[in-house]
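Notes follow once the structure below has been shown.
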Amino acid sequence: MNISPLQTARYEYSPKLPGMLRNGISDICVLEGEETSSVADQEKIKALFPNTYGKKEITFQKGQNTSVQKKQVVGVILSGGQAPGGHNVVCGLYDALKATNPENVLYGFKGGPSGLLEDDYIIFDDAYIDQYRNTGGFDIIGSGRTKLETQEQFAVAAEVCKKHEITAIVIIGGDDSNTNAAVLAEYMAAHNTGVQVIGCPKTIDGDLKNEDIEASFGFDTAAKTYSELIGNIERDCNSAKKYWHFVKVMGRSASHIALECALETQPNICLISEEVAAKKQSLAEISDYIADIVEKRAEQGMNFGVVIIPEGVVEFVPEFSSLIAEINELLAGKAGEAFSALPTWNEKKGFLHSGLRDQAVSVFSMLPQGIQQQLCLDRDPHGNVQVSLIESEKLFSSLVAANLAKRKAAGTYKGKFSPLHHFFGYEGRCAFPSNFDADYCYSLGYNAFMLIQYGFNGYLSKVSNLSKPAEEWVAGGMPITKMMNMERRHGEDKPVIRKALVDLDGAPFKYFEAHRQEWAENTCYTFPGAIQYFGPSSVCDLTTRTLALEQGE
């Protein structure tokens, strides 16, 4: 296998650890905090998690190690979508495990949670681990999206653990994966299996955070990767001075990535889904907002600009969400089969117009034909619209083009509008992790083993004070149940980790809100450039603008 010079250099990078983890595991003790309760639905969550609910938050500090010394056999799972730094979580876990006792063993279950159920694994050794230090991707063992949610699955998992004498499982994943970790931890405790379950907070979307979890890993690298690309587009835009670039960025439901990229690059326009929902903005209102800025810049001779659009924004437009719900209802069952059997698009459109309410027909008619077809033809196995496949960057540029055409016909707009479209998603999920993510992830893995060594179950590995140098980071753990509430999923009430959306009262959004008009009317682009791995700490170890603003820096 050919190895690039950068890859060789990253293998040799030594991740920084929080101060209390640097001086050897024998000098670490536990400081207990207050008992916890779930973020909502306390009685229901407590009833579902009688063995793991209400536990205390803990912090590790220097002091005599009082944990029970025994051989640890640990299994690790990567779950869900890739995020930069996942390999370092595994490496940190492995290094802590071997530093405590060379006889300890780490199993890597392949392909996500299904690897545990199918008993498909590798046993890590130094040579294998060393190939993946400080690298992107999840290819060390692969990932998957199998949910761990049934009693039958839990029983199989317990039997696999018993077969290999596994004492703990570490699940590295996002909100759904760590919900699974909490449920599996409860099962293991209720059945006295002796198996602990620990979670690690991963998602580039940035929506797995709260007062305790300051950032999910991968967000830093992904946002910086997209910001580099957007900065490049801005420089090209400001050079050619003839295109409007509509850039959609990954982030599922939350707009954290879009907001961070806006803070990094200062585009002319950035939509924030949570603000669209709060203001109940319609497609026409959003179109007017963008068109107003295009027109104002055109009056200054600037027929160019950059618009950032979060991936899930259309779900937050009330009339669009209602339209999706009506289409899903209309095309369910035999009606959907009848719709599919119609030979032409015009006949399909007529079918929809006859079955939808007048308001839904009005919204549907506004949409470009390509988007109309995505709403009706690209459906998931349950017959629902696949919202993530909707090309919202093209949707909004088409609406703006139609809006400007009307203004031009009325004589109020004399500019030129030439849109280009981009989607940045997979480009950022497996990048070489930034120094921040390399350090943070290694610390999360190292810390996860400390939680195992001290006997904790149903806890999330927690590293905080992240806006400070790594020496000042604080390591510990929090019960996963603290983050949970009840939500309606597939017709049932389910315990899930509450997603953290952009806080419209938070410092990052307020900063953006205070500056966006200036960025809209003027050309204030900033160019972050590529992620830096070497050089002064002020360049290489920067946290995101989001985290710095949230911490008052």
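The values are calculated or read from the model by the stated rules, or taken from the named source; none is laboratory data. Note that the structure is predicted; figures quoted are calculated from it, not measured. Virtual Cβ from ideal backbone geometry, glycine too; neighbours counted across all protein chains shown. The protein model used for the area step is the full one, side chains on, heavy atoms only, and it has no ligands, DNA or RNA in it. Shrake-Rupley method; radii C 1.70, N 1.55, O 1.52, S 1.80 Å.
Can you confirm whether the range 437-454 contains a residue that is surrounded by fewer than 24 Cβ atoms within 10 Å (Cβ to Cβ), in a strand (DSSP E or B) and either within 24 Å of the chain's Cα centre (by Cα) or at pLDDT 95 or above (or both)? The answer is no, given that none of the residues of the range 437-454 is surrounded by fewer than 24 Cβ atoms within 10 Å (Cβ to Cβ), in a strand (DSSP E or B) and either within 24 Å of the chain's Cα centre (by Cα) or at pLDDT 95 or above (or both).
Give the residue that is surrounded by the most Cβ atoms within 10 Å (Cβ to Cβ), with candidates limited to residues of the range 243-281 that are out of contact with any strand residue (DSSP E or B) (no Cβ under 8 Å at 6 or more places or on another chain), among the charged types (D, E, K, R) and not in a loop (DSSP other than H, G, I, E, B).
First, the residues of the range 243-281 that are out of contact with any strand residue (DSSP E or B) (no Cβ under 8 Å at 6 or more places or on another chain): 252-253, 256, 260, 263-264, 266, 274-281.
Now narrow it down to the ones that are among the charged types (D, E, K, R): 252, 260, 264, 274-275, 279-280.
In the following step, the residues that additionally are not in a loop (DSSP other than H, G, I, E, B) were identified as 260, 264, 274-275.
Numbers: Glu260: 28, Glu264: 21, Glu274: 20, Glu275: 19.
Within the range 243-281, the match that is surrounded by the most Cβ atoms within 10 Å (Cβ to Cβ) is Glu260.
Give me a count of the residues in the range 111-126 that are open to solvent by 10 Å² or more (accessible area, probe 1.4 Å), in contact with a strand residue (DSSP E or B) (Cβ under 6 Å, 6 or more places away or on another chain) and not hydrophobic (A, V, I, L, M, F, W, C). The qualifying residues number 3. Per the conditions (1) open to solvent by less than 70 Å² (accessible area, probe 1.4 Å); (2) part of a loop (DSSP other than H, G, I, E, B); (3) of a type outside the set (Val, Ile, Thr), the sole criterion not satisfied by Cys29 is (2). Just one of the listed residues (Thr193, Thr146, Thr150) is closer than 28 Å to Lys482 by Cα, β-branched (Val, Ile, Thr) and at pLDDT 95 or above, and it is Thr193. Once the range 296-340 is narrowed to residues that are open to solvent by 10 Å² or more (accessible area, probe 1.4 Å) and farther than 24 Å from Asp358 by Cα, the residue that is modelled with the lowest pLDDT is Glu311. Number of residues in the range 399-436 that are assigned to a helix (DSSP H, G or I), closer than 19 Å to Ala291 by Cα and in contact with a Ser or Thr (Cβ under 6 Å, 6 or more places away or on another chain) equals 3.
Against the test of being under 20 Å from Ser38 (Cα atoms), of a type outside the set (Asp, Glu), open to solvent by less than 10 Å² (accessible area, probe 1.4 Å) and part of a helix (DSSP H, G or I), the options Ala182, Ala157, Ala189 yield a single qualifying residue, Ala182. Within the range 219-239, not a single residue is of a type outside the set (Gly, Ala, Ser), within 29 Å of Ser37 (Cβ to Cβ) and not in a helix (DSSP H, G or I).
Quick one: is Ala284 assigned to a helix (DSSP H, G or I), open to solvent by 10 Å² or more (accessible area, probe 1.4 Å) and of a type in the set (A, V, I, L, M, F, W, C)? Steps first, please.
Numbers: assigned to a helix (DSSP H, G or I): yes; open to solvent by 10 Å² or more (accessible area, probe 1.4 Å): yes; of a type in the set (A, V, I, L, M, F, W, C): yes.
Judged against the criteria, Ala284 is a match.
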